[in-house]
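The values are calculated or read from the model by the stated rules, or taken from the named source; none is laboratory data. Predicted model only: the values in this text are computed from it and were never measured. Here the Cβ positions follow ideal geometry from the backbone for every residue, glycine too, while neighbour counts run over all protein chains shown.
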Amino acid sequence: MIVDIHVHALNRSDRDILAEITRQCRVNGVSVALVSLGGSAAAYPESDVVARANDIAAKFVEDSNGLGRFLAYLSPQDPRWRDELDRCVNDLGAIGVKILNSFQDAAGSFDNAVRVIREAGRRGLPVLMHTFQATGGNPPGNITITDFAYLAEACPDTQVIAAHAGGNWRHSLGVLRDRLPNAHVDCCGYYPERMLVDSLVADLGAERVLFGSDLIGRSQASQMAKVVFADIPDAARKLVLGGNAARVFGLEEVPPGPAGPLRPLEGLPDSSVEHFCFVGQWPYYDGPWVTPQELDDLLGAAGIQTAYTGDFSTLFRQDLERANNQFLEAARGCRRIAPLATLSPLATNWRSTLRRLRDGFAGVLVFPYMHNWQLDAPEHADFFRALADA
């Protein structure tokens, strides 16, 4: 049984959204989806906002034809949280709790959050907590994996799950290791990175890692791929995909619903062209990685004629002009690699770097996620105009 523990109903009980979530779950073989947060993601929501969010999520589950299970969304700083928990459990059928933010009060204390989490544990309800480590600092009320560890230790009788494995999962490694047996992580969010699930399982053990997708904000298939293609034993994969969730949330075995006929996509891209390849050394791992020549040989063996390719090591270099041109030289003679130059609008010399890029680049690679900027920020319009003109 596959269980997706991290699904959102957004801010309305829209039947189109329900249909899309149901479709993705059926296609991917998901039997149960744990649904929460049908309303505002405000840092410190008022009582009526919390109640409305729970009403939407519970209605979503009611209409899901057996697919959904409901997690009660609570704000620890809401003075009516206990009444709302009673309502969610007794009237709406909640099987767990979701805390998004507002963990700390105005003085920075976690006391109210501890009360909520302990009460959930007393009722046998697991608690899914949003954890993150934003590059520019977390928004008000959010917690890091270190804060999560403190709360797990303060509430040893409650099963707790760190959503997004702390946000920057690499920084989470070791924080929960060999302690806090009540603490788990889910692996939702992020790009479908290689080694994410592998590393979490090696660090915590397969029994403490749960699959989630963050639907409908992310595609379920991309998130499931991190588990399906992880280099872990099949027994561990089954635990991550659903066995652990069934144990933590007390779920009975449910067969997946019928997927319905699959519609072939029209106009599939030419399979001889690959649009997202990388060479070089990613700084967080020892490998395995490939050189441009090694990738070129692999592409030839796979029948791929052209691969638009970036260089991992260039992404983290201060001197982008030099790094890009070193990559270009390394890729010369590789007839299947179409090299991409890395640029960032936050680099003070991006204009001169763009002007001095040597002939031979097939295009430019931008990485807002890595370089902490937004594609739609108006201050970067000149950057994109310059790229278009080049």
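You will find that of ALA43, ALA58, the residue that is farther than 22 Å from CYS187 by Cβ, surrounded by 14 or more Cβ atoms within 10 Å (Cβ to Cβ), outside the structural domain of MET370 (by TED's automatic domain parsing) and without any contact (Cβ under 8 Å) to a residue 60 or more places away in the chain is ALA58 and no other.
If you check ALA165 against the conditions, is it closer than 20 Å to PHE211 by Cβ, modelled with pLDDT under 95 and of a type in the set (A, V, I, L, M, F, W, C)? Against the criterion (closer than 20 Å to PHE211 by Cβ, modelled with pLDDT under 95 and of a type in the set (A, V, I, L, M, F, W, C)), ALA165 qualifies. Among the residues that make up region 76-83, is at least one of them in a strand (DSSP E or B) and at pLDDT 95 or above? No, there is no match, as no residue in region 76-83 is in a strand (DSSP E or B) and at pLDDT 95 or above.
Any chance you could count how many residues in region 82-101 are of a type in the set (Val, Ile, Thr), surrounded by fewer than 20 Cβ atoms within 10 Å (Cβ to Cβ) and without any contact (Cβ under 8 Å) to a residue 40 or more places away in the chain? Steps first, answer last, please.
So the first thing to find is which residues in region 82-101 are of a type in the set (Val, Ile, Thr), and the list is 89, 95, 97, 99.
Within this subset, residues satisfying the condition of being surrounded by fewer than 20 Cβ atoms within 10 Å (Cβ to Cβ) are 89, 95.
Next, from what is left, pick out any that are without any contact (Cβ under 8 Å) to a residue 40 or more places away in the chain: 89.
Result for region 82-101: 1.
Got at least one residue in region 193-206 being part of a loop (DSSP other than H, G, I, E, B), at positive phi and in the same structural domain as PHE60 (by TED's automatic domain parsing)? Yes, that holds for at least one residue. As for region 129-136, it holds at least one residue that is touching a residue at least 60 places away in the same chain (Cβ under 8 Å) and not hydrophobic (A, V, I, L, M, F, W, C). The residue of region 35-49 that is nearest to ASN112 (Cα to Cα), among those that are out of contact with any strand residue (DSSP E or B) (no Cβ under 6 Å at 6 or more places or on another chain) and outside any loop (DSSP other than H, G, I, E, B), is SER47. Being touching a residue at least 24 places away in the same chain (Cβ under 8 Å), among the acidic types (Asp, Glu) and surrounded by fewer than 17 Cβ atoms within 10 Å (Cβ to Cβ) is true of GLU153.
When THR309, THR342 are checked against the criterion of being surrounded by 19 or more Cβ atoms within 10 Å (Cβ to Cβ), of a type in the set (Ser, Thr, Tyr) and touching a Gly at 6+ places or on another chain (Cβ under 7 Å), a single residue qualifies: THR342. Of all the criteria given as (1) in a loop (DSSP other than H, G, I, E, B); (2) of a type in the set (A, V, I, L, M, F, W, C); (3) without any contact (Cβ under 8 Å) to a residue 40 or more places away in the chain, the one not satisfied by LEU340 is (1). Would you say PHE383 is on the phi < 0 side of the Ramachandran plot, at pLDDT 90 or above and assigned to a helix (DSSP H, G or I)? Yes; evaluated as a whole, the condition is true for this residue.
Applying the criterion of being under 30 Å from HIS371 (Cβ atoms) and part of a loop (DSSP other than H, G, I, E, B) to the residues of region 103-136, the residue that is nearest to the chain's Cα centre (by Cα) is PHE132. Within the set LEU346, LEU299, LEU340, LEU251, the sole residue that is modelled with pLDDT of 90 or more, in contact with a Lys or Arg (Cβ under 7 Å, 6 or more places away or on another chain) and of a type outside the set (D, E, K, R) turns out to be LEU299. Screening THR309 on (1) farther than 25 Å from GLN133 by Cβ; (2) in a helix (DSSP H, G or I) shows it passes everything except condition (2).
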